[in-house]
Amino acid sequence: MPGDRAPARRGPREAAGRVGDGGPGMSAATRVLSTLMVVIGIAIVIRTVAGGGGAVAFGILIGLLFVAAGAGRLYAERRR
């Protein structure tokens, strides 16, 4: 009978909804945006320190988070 078969099983990549790797443009865009995040984070820290912010000032924390996120993305991209 038509339609009587079980559906084909998907692999782990397809099950997560990830069909392709994004191609070479995705990798370049990830590197550029990650580097930009690091630069913005450094600029936020410099601006906060120049404005008289202390060690736990909001700008320092946000800047360090930007740097960490950008560096983490760059690290993950290189490991891929």
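Here, each number is a calculation from the coordinates, and none is a lab measurement. Model, not experiment: these values are computed from the prediction. All Cβ positions, glycine included, derive from the backbone under ideal geometry; neighbour counts span all protein chains shown.
Ranked highest first by average number of other Cβ atoms within 10 Å, how do 49-57, 70-78 line up?
Working: 49-57: 10.6, 70-78: 14.0.
Ranked by mean Cβ neighbours within 10 Å, highest first: 70-78, 49-57.
Between beta-carbons, use under 9 Å as the cut-off and find the net charge around SER34, counting Lys and Arg +1, Asp and Glu -1.
On the way: positive: ARG31, ARG73; negative: GLU77.
Local net charge: +1.
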